[in-house]
Amino acid sequence: GGLEGVLEEVLIRELGEERAYTEPPPSQLHKDLDMWHLDQRLLSFSISNARWYPTGVEFVPRYPERDRLDRMRWSVPNTLERLTDAHMPHPGYSRQHWPSVRLLMSRLEGITAGDMAWVDAYKDAFGEGD
């Protein structure tokens with residue numbers, strides 16, 4: 001019942017019953033775009049069915065070439081003022097990517113030194129090196 005049951009119904013409708021209960025191997029995830037975008041589709045479904053939608057939502061125009069940090073051209077700017085999205089380097093916790101991912105997090109509006117101390121502790125406890 002509840003949201004879990006509704007989401008399960010959406011999964012079955014979107015993917016078919018067999019695929020809804022099968023997790024593809026990681027090597028196949030990029031090849032199956034239905035699965036690759038599943039988190040976005042489920043979140044969009046949940047938002048569009050929320051009682052506060054659409055009156056409680058601020059729609060922001062998107063210009064991906066201008067307002068998105070993309071992992072293919074990753075460079076964290078001094079200001080995040082005009083950004084609406086980040087396609088993060090993967091894995092973000094790796095020695096190669098962590099310094100710039102951490103820098104991005106530290107530049108988010110409202111982030112405090114205490115927040116960053118928590119981020120660092122979390123990364124140290126659960127992040128993996130490469």
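The values are calculated or read from the model by the stated rules, or taken from the named source; none is laboratory data. A quick note: this is a predicted structure, and the numbers were derived from the prediction, not measured. Just the protein is used for accessible areas: all its heavy atoms, side chains included, with ligands, DNA and RNA removed. Shrake-Rupley method; radii C 1.70, N 1.55, O 1.52, S 1.80 Å.
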On the given criteria, is P77 open to solvent by less than 60 Å² (accessible area, probe 1.4 Å) and either under 15 Å from the mean Cα position of the chain (by Cα) or hydrophobic (A, V, I, L, M, F, W, C) (or both)? no
Within region 84-130, of all residues that are β-branched (V, I, T) and part of a helix (DSSP H, G or I), the one least open to solvent (accessible area, probe 1.4 Å) is V101
If you go through region 21-56 one residue at a time, how many are open to solvent by less than 60 Å² (accessible area, probe 1.4 Å) and modelled with pLDDT under 80? 5
In region 4-19, which residues are of a type in the set (A, V, I, L, M) and modelled with pLDDT under 80? V6, L7
